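Novice: Quick one: the structure is below, and I'll ask about it shortly.
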C-alpha cells in the first residue's frame, strides 16, 4: 500500500505547490495493517480502512462504489477485461478510449429527448 501512495503524482488544484499526498485513503480489509495505518497517519493522511472482522456497513462502500462501478464498466470491453496488450502505451490508449466511450454513453443518456 505504501509504494502505491508514494507513486501518486502531484495533484493540481489551488495555487501554490501541488499536493503530493491524498488527504484521505479509503480501502478494504485487505489493506489493513497497524504499521501501514501508523505510517499513513505519520504522513498526514486520514485512514479509512475497515478493520478485519468488523461489521459490514461501515459506509466505505459509498465512496469505493465509484471505483468499482468504473472498473465494471471498463470490463464490458473485452480487450480491457482480458489484457492482450504487452505494451503499456497501447493498453493505456485503449483505457482512454474505453473511458471516452463510457462518458459518451452517460452524456447521451442525460440528453433530454424530444
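Readers should treat all values here as calculations from the given coordinates under stated rules, not as data from a laboratory. What you see is a predicted model, and the numbers here were worked out from it, not measured in a lab. No Cβ is skipped: glycine too gets one built from the backbone with ideal geometry, and neighbour counts run over all protein chains shown.
Novice: Connecting C-alpha atoms closer than 10 Å in a GNM of the chain, tell me which of 13, 44, 98 has the biggest fluctuation.
Specialist: Greatest mean-square fluctuation among the candidates belongs to 13.
Novice: For the chain, take the longest principal axis of its alpha carbons; what is the angle in degrees between that and the long axis of helix 88-110, to the nearest 10 within 0 to 90?
Specialist: So the helix axis and the longest Cα principal axis differ by about 70 degrees.
Novice: To the nearest 0.05, how large is the calculated FRET efficiency for residue 24 and residue 92 if R₀ is 25 Å and r is the Cβ-Cβ distance? Could the numbers behind the result be given before it?
Specialist: Numbers: r = 26 Å, r/R0 = 1.06.
According to the calculation, E is roughly 0.40.
Novice: Here are labelled values, (1) 1.35; (2) 1.26; (3) 1.70, and one is the computed Cα Rg over 2.2 N^0.38 Å for what I pasted. Which one?
Specialist: The listed entry that was calculated here is (1).
Novice: To test your reading of the geometry: what angle, between 0 and 90 degrees and rounded to tens, separates the Cα axis of helix 60-74 from the longest principal axis of the chain?
Specialist: 30 degrees
Novice: Here is a follow-up. Would you compute, from DSSP H runs of 4+ residues alone, the mean residue ellipticity of the chain at 222 nm, taking -39500 (n - 2.57) per run and dividing by the full residue count, rounded to the nearest 500? Please list the in-between numbers first.
Specialist: Numbers: 5 runs with 56 residues, N = 114.
About -15000 deg cm²/dmol.
Novice: Could you give the C-alpha radius of gyration of the range 1-54 expressed as a fraction of 2.2 N^0.38 Å, taking N as the number of residues it contains? The partial results should precede the final answer.
Specialist: Details: Rg = 12.4 Å, N = 54, 2.2 N^0.38 = 10.0 Å.
Taking N as the residue count of the range 1-54, the ratio is 1.24.
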